[in-house]
1. Scan the range 19-52 for residues that are touching a helix residue (DSSP H, G or I) at 6+ places or on another chain (Cβ under 7 Å) and under 22 Å from Val85 (Cβ atoms) and jot them down.
2. Going through the range 28-51 one residue at a time, which ones are assigned to a helix (DSSP H, G or I) and surrounded by 14 or more Cβ atoms within 10 Å (Cβ to Cβ)?
3. Being under 22 Å from Met34 (Cβ atoms), without any contact (Cβ under 8 Å) to a residue 60 or more places away in the chain and not aliphatic (A, V, I, L, M) is the filter here, so list the residues in the range 55-100 that pass it.
4. Looking only at the range 59-100, count how many residues are under 21 Å from Glu128 (Cα atoms), among the hydrophobic types (A, V, I, L, M, F, W, C) and either at pLDDT 95 or above or surrounded by 11 or more Cβ atoms within 10 Å (Cβ to Cβ) (or both).
5. Every residue in the range 136-163 that is surrounded by fewer than 21 Cβ atoms within 10 Å (Cβ to Cβ) and either on the phi > 0 side of the Ramachandran plot or aliphatic (A, V, I, L, M) (or both), please.
6. Condition first: open to solvent by 10 Å² or more (accessible area, probe 1.4 Å), assigned to a helix (DSSP H, G or I) and either in contact (Cβ under 8 Å) with a residue 12 or more places away in the chain or touching an Asp or Glu at 6+ places or on another chain (Cβ under 8 Å) (or both). Now tell me which residues in the range 116-131 satisfy that.
7. So in the range 101-115, with the set limited to residues that are in contact (Cβ under 8 Å) with a residue 24 or more places away in the chain and within 21 Å of Val77 (Cβ to Cβ), which one is surrounded by the most Cβ atoms within 10 Å (Cβ to Cβ)?
8. Out of (1) touching a Lys or Arg at 6+ places or on another chain (Cβ under 8 Å); (2) in a loop (DSSP other than H, G, I, E, B), the odd one out for Gly145 is which?
Amino acid sequence: AWNCRSCSGEMNKQVRFYHHGDTPDLAFVVDHAMQQKEYQEVFLIGYSMGGNITLRYMGERAEMVHPQIKRAMAVSVPCQLAHCVKELEKPGKMFYNKRFYSKLREKLEEKGKLMPDKIDLGPLKNGEITSCRKLDRLYFAPIHGYPNEDTFYNDITSLNYFI
C-alpha cells in the first residue's frame, strides 16, 4: 500500500503535489518492492483517483510492465476529469465539491506556509477561489507544468492509453 504525496499525514518537501495522472510515485513503490523481494505475482488495485493512476501506470508501461504484475484493477475511476469536475459543480453535488475543495485548500495552505516564495496564497485568502476547478486553474495545473486546467485534465487521464 502507498499514499500519495501529503496523504500520509505528512506534507512532502517538494512544491509538487499528487494528482490523477501522477504515476512516478507508484512506479517508485513498485520498483522498490520488486527489488526487496522476489514476488511471483503482483496485483495492482486502485480506487477513484488511485484507479486512474493505476490504469495510467499500466498504459504508460504497456509492454515494459514488470512481468510479476499479473493484473490491475480500477474501481470508480474519474477518467474524464473535466466532466467529473463539471458534474461536481452541479447544485445537487456541491457536497462533494466542498469536501474535495476543503481538503485541497487545507493542503495548499499548509504547503504555502512552508514555501511562501513558491506558492502565493493571496488569491486563496482573498476569496477568489471557491471551487476545485479554480484551484486547479490557479495552483495545481501550473505547479505541475500545465498552462490551464483543461490541458491538465486532458493530459492526466488514463483514457489516453486505452482509446
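1. Once the filter is applied, which keeps residues that are touching a helix residue (DSSP H, G or I) at 6+ places or on another chain (Cβ under 7 Å) and under 22 Å from Val85 (Cβ atoms), the range 19-52 yields His19, His20, Gly21, Asp22, Thr23, Gly46, Asn52.
2. Those that are assigned to a helix (DSSP H, G or I) and surrounded by 14 or more Cβ atoms within 10 Å (Cβ to Cβ): Val30, Ala33, Met34, Met49, Gly50, Gly51.
3. Across the range 55-100, the qualifying residues are Tyr57, Arg61, Glu63, His66, Pro67, Gln68, Lys70, Arg71.
4. Qualifying residue count, the range 59-100: 5.
5. Leu138, Ile143, Gly145, Leu159, Ile163
6. Pro123
7. Restricting to residues being in contact (Cβ under 8 Å) with a residue 24 or more places away in the chain and within 21 Å of Val77 (Cβ to Cβ), the top hit is Tyr101.
8. (1)
The values are calculated or read from the model by the stated rules, or taken from the named source; none is laboratory data. This one's a predicted model, so the numbers in the text were calculated from it and none came from an experiment. Cβ sites come from the backbone with ideal geometry, for glycine too, and all protein chains shown count toward neighbours. Side chains are part of the model used for accessible areas, which takes the heavy atoms of the whole protein and leaves out ligands, DNA and RNA. Shrake-Rupley method; radii C 1.70, N 1.55, O 1.52, S 1.80 Å.
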